[in-house]
Amino acid sequence: MFPHEITVFREENGVYKRYYVTGVLWEDAKGNNMEKSGLKTVNSVTLYIPFSSGFKPMEKDFVLKGIVDYDVVKKPSELYSVGDVRVINSVDAYDYGGLQHYKAGGS
């Protein structure tokens, strides 16, 4: 239904497991904040993931847009060399109506 694919990396028992999720809506918001120390980039993402995808996002998941064939070897910071990484920090479930889905936000 939605046009995007994402790759999610989640820590499970000390290992980062990779999940591919299709049928997702990825909404980017890019911006800057002026601080005493100068300009700071503040990018965020909102993901809409239908229940029908079979995947439930969780806080602290690392997300990249598209299908990424990469395995985390030591630590998740490796992912920043692979693409534009976002970390999920909120997940809401909308379990009513015709399109039941999760709304996940991150930066």
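Okay, here's what the table says:
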| read-out | value |
| --- | --- |
| Residue list for the stretch 48-57, filter: assigned to a loop (DSSP other than H, G, I, E, B) and more than 9 Å from the chain's Cα centre (by Cα) | Gly54, Phe55, Lys56 |
| Residue under evaluation Met34, criteria (1) part of a strand (DSSP E or B); (2) within 25 Å of His101 (Cβ to Cβ), criterion not met | (2) |
| For Gly83: the one exception among (1) of a type in the set (Gly, Ala, Ser); (2) without any contact (Cβ under 8 Å) to a residue 12 or more places away in the chain; (3) surrounded by 12 or more Cβ atoms within 10 Å (Cβ to Cβ) | (2) |
| Criterion violated by Tyr70 - all others in (1) farther than 19 Å from Glu5 by Cβ; (2) modelled with pLDDT of 95 or more; (3) not aliphatic (A, V, I, L, M) satisfied | (1) |
| Criterion: out of contact with any Lys or Arg (no Cβ under 6 Å at 6 or more places or on another chain), in a strand (DSSP E or B), among the β-branched types (Val, Ile, Thr) and closer than 17 Å to Ser107 by Cα - qualifying residue of Val63, Val8, Val45, Val21 | Val8 |
| Criterion (at pLDDT 95 or above, in contact with a helix residue (DSSP H, G or I) (Cβ under 7 Å, 6 or more places away or on another chain) and surrounded by 10 or more Cβ atoms within 10 Å (Cβ to Cβ)) met by exactly one of Phe55, Phe62 | Phe62 |
| Condition met for Ile67 (touching a residue at least 12 places away in the same chain (Cβ under 8 Å) and either buried (at least 17 other Cβ atoms within 10 Å of the Cβ) or in contact with a Cys (Cβ under 6 Å, 6 or more places away or on another chain) (or both)) | no |
| Residues that are under 12 Å from the mean Cα position of the chain (by Cα), assigned to a loop (DSSP other than H, G, I, E, B) and farther than 13 Å from Trp26 by Cβ, drawn from the stretch 68-107 | Ser107 |
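The values are calculated or read from the model by the stated rules, or taken from the named source; none is laboratory data. Keep in mind that what you see is a predicted model, and the values were worked out from it rather than measured. Here Cβ is always computed from backbone atoms with ideal geometry, including for glycine, and neighbour counts include all displayed protein chains.
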